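The values are calculated or read from the model by the stated rules, or taken from the named source; none is laboratory data. Here the structure is a predicted model, which means the values were calculated and not measured. So basically every Cβ, Gly included, is an ideal-geometry build from the backbone, and we count neighbours across all protein chains shown. For the accessible areas, the whole protein counts, side chains as well, though only heavy atoms, and no ligand, DNA or RNA atoms are used. Shrake-Rupley method; radii C 1.70, N 1.55, O 1.52, S 1.80 Å.
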Amino acid sequence: MGAIQVRLEMELEDIPGQLVRALEPISRFGGNIKSVVHRRERKTQLGMVPVTVVLEVGEKERFNRILSELKSMGVRITHVGEREEMKKRVVLISGPLTIEELDEITKRVGELKGTKISDVSLAMESVGGGMAARLTISGRSDRSLDSAFSLIESIAEKKRFLLMKSVEEGG
Amino acid sequence: MKLILVGFGNVGRGLVRALVQKRNFFLKEHGMSCEIVAVVDGHGAVVDENGLSFRRLLRMVEEGNLIGSERKLGVEIIREVDADVVFELTPTNIKTGEPGLTHIKTAMRTGKSVITSNKGPLVVAFRELEELAKKRGVEFRYSASVGGAVPVIGLAKRILMGNEVLAIRGVLNGTTNYILTRMAQEDAPFDIVLKEAQELGIAEKDPSLDIQGIDTACKITILANSVLGIDAKLGEVKTKGISGVTPEAIRLAREAGFTVKLVGIASKRTLEVGPKLVPIHHPLAVSGTLNAVTFEVDLAREITISGFGAGPRETSSSLLGDLVDVYQAISQRG
């Protein structure tokens, strides 16, 4: 499923509570705030403070709701930034996996066009002395994610790692 | 309806009990009256062409064996005793399908309809049996072979008839689902939870067919054949079991909003069984010994059903559903 990443530029009045108020609808409609830059030093001539929010939201519909809510609250939106569709997939690998091998997987996925491993979580296994790793693959399209997954799958098969992907993908 | 039961294990005994208990219900609701004219197991057979008495049947169920049996084989009884339906309930053999396969063929060749819970013959000779039934003009049902009490095949082939089924995804094995559920709850390794499941009688002494995913692969083979119309063989199902799943992997999955389930997938593109990540709120994320199946179809999009995948009483639900179905099909023919 593709999350949309949006860069929202707005201007807020320089009075306490305005930022919190402007961020509230984002979380209420399920948006995930990635960063907020509040630039008081760049106040406009009308005394407004420019704020840039980067947020991620599950689908476009939700983003439209956030936008109309902000507008109805009287928040001045000056720019809605490029929307990059970042698709993500979680896969789990476990078995006799080493950090070096994980490093190699990350590197090789990064070399594919439009994909990268954007998150890694590790756990040492108490039985068998192996390791479990959860990888989040990010990519611009389903196709790029598919090729990243195939790459990981071929490595897992060769090295006899157990690979698990989401039941909602493929098949 | 005159019935022959071949196989008197847990499933056979559960069926007898449910049949005796619900005989008035079947008469009143469906106008169907049934007599069991013969029961056969590996040791012998009891036969009464006028129908075995309920008291005697229940006593046999209580004692777990066929009282006053004569030494006869299943095939002989099927051939010699006059009946409408044969219930083939012997243990599954996925290599040869026997003795179930011969039982089913003999029944069909002598003009008897067949209802079975036995995966073996279906995995080995699905097409052949379907064609034989058609050729001999008899009914053939196998709802209990997949999903236990869960009406997986009936849902796909009857209720969803207006849809094309694109893919089937299912948690189809209660034993492995129990093990994975307990591993997640207790953060415990596979071996320890397997031992616990064996002590509770949820896993068999030799659990390999379940934990290696082969039981699920059999069900996927049956679903691919019966629902998707693919001439699939068991060997074509890419199968992985759950023994490599660790509590740490389950924990990492949980932190990202997933649970680990042994899932069988059948579609035109893939036939596979293996541990998969299932989103925690996905309807397939059932716990304990439950089974669940999601059908991806063209109109209704996704339909999921879940329920008890094993147990003698639960399985008799599917067997008796098939019996009413066969009765109605025969009655319509006149």
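Overview of results
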| quantity | calculated |
| --- | --- |
| Crossing angle, helix A:99-111 versus chain A [Cα axis fit, 0-90 degrees, rounded to tens] | 60 degrees |
| All lysines inside 24 Å of A:Lys60 as judged from Cα atoms, apart from same-chain residues fewer than 8 positions distant | A:Lys34, A:Lys71, A:Lys87, A:Lys88, A:Lys116 |
| Chain B: angle of helix B:54-63 to the longest principal axis, Cα-based, in degrees nearest 10 | 40 degrees |
| Computed label-point distance, nm, for sites B:Thr96 and A:Val20 using a 7 Å Cα→Cβ extension | 7.8 nm |
| Selected from B:Leu66, B:Ala156, B:Leu252, residue furthest toward positive end of dipole (chain B; charges at beta carbon) | B:Ala156 |
| Buried area at the A-B interface (accessible, heavy atoms, 1.4 Å probe, summed, Å²) | 2100 Å² |
| Virtual spin-label span in nm between A:Glu153 and A:Ser27, 7 Å along Cα→Cβ | 3.9 nm |
| Equivalent ellipsoid semi-axes, chain B, via Cα gyration tensor eigenvalues times 5, rooted, Å | 35, 22, 18 |
| Top positive-direction residue, dipole computed over the stretch B:153-308 with Cβ charges, set B:Ile303, B:Ile220, B:Gly201 | B:Ile303 |
| Cβ-based charge dipole, the protein assembly as shown, positive-most Cα from B:Leu290, B:Ile192, A:Ser166 | A:Ser166 |
| Anisotropy class of the stretch B:125-169 from Cα gyration tensor, a/c 1.5 cut | prolate |
| Rh by Kirkwood over Cα pairs, then Stokes-Einstein D for the protein assembly as shown at 0.890 mPa s and 25 °C, µm²/s | 94 µm²/s |
| At most 16 other Cβ within 10 Å, DSSP loop - trypsin sites (Lys or Arg not before Pro), the stretch A:68-171 | A:Arg83, A:Lys113, A:Arg140, A:Arg160 |
| Heavy-atom accessible area per residue - the stretch A:86-165, 1.4 Å, Å² | 50 Å² |
| Lysine pair number, Cα distance threshold 23 Å (strictly under), the stretch B:181-334, separation 8 or more or different chains | 23 |
| Residue with peak Gaussian network fluctuation, chain B [Cα springs, cutoff 10 Å], from B:Arg141, B:Arg169, B:Arg269 | B:Arg269 |
| Solvent-accessible heavy-atom area per residue, rounded to whole Å², over the stretch B:153-308 at 1.4 Å | 42 Å² |
| The stretch B:153-308 - charge dipole about Cα centre, Lys and Arg +1 at Cβ, Asp and Glu -1, debye rounded to 20 | 400 debye |
| Residue order for B:Cys34, B:Cys218 - accessible surface, 1.4 angstrom probe, largest first | B:Cys34, B:Cys218 |
| Global form of the stretch A:15-65, assessed from the alpha-carbon gyration tensor, a/c cut-off 1.5 | prolate |
| Separation in nanometres of the label points that stand 7 Å from Cα toward Cβ, at B:Gln185 and A:Val54 | 4.4 nm |
| Test item: Cα-centred dipole of the stretch A:86-165, Lys/Arg +1 and Asp/Glu -1 on Cβ, debye | 360 debye |
| Long-range Cα-Cα pairs in the stretch B:153-308 (distance over 23 Å), rounded percent | 35 percent |
| Average Cα contact separation per residue, chain B, under 8 Å, 6 or more apart, as relative contact order % | 19 percent |
| Charge dipole magnitude, Cβ of K and R +1, D and E -1 - the protein assembly as shown, Cα centre, debye nearest 20 | 780 debye |
| Spatially near lysine pairs across the stretch B:75-184, Cα under 24 Å, sequence gap of 8 or more or different chains | 14 |
| Local net charge near B:Leu320, Cβ-Cβ under 12 Å (Lys/Arg +1, Asp/Glu -1) | +1 |
| Fraction of the pair-distance distribution of the stretch A:86-165 above 14 Å, Cα-Cα pairs, percent | 57 percent |
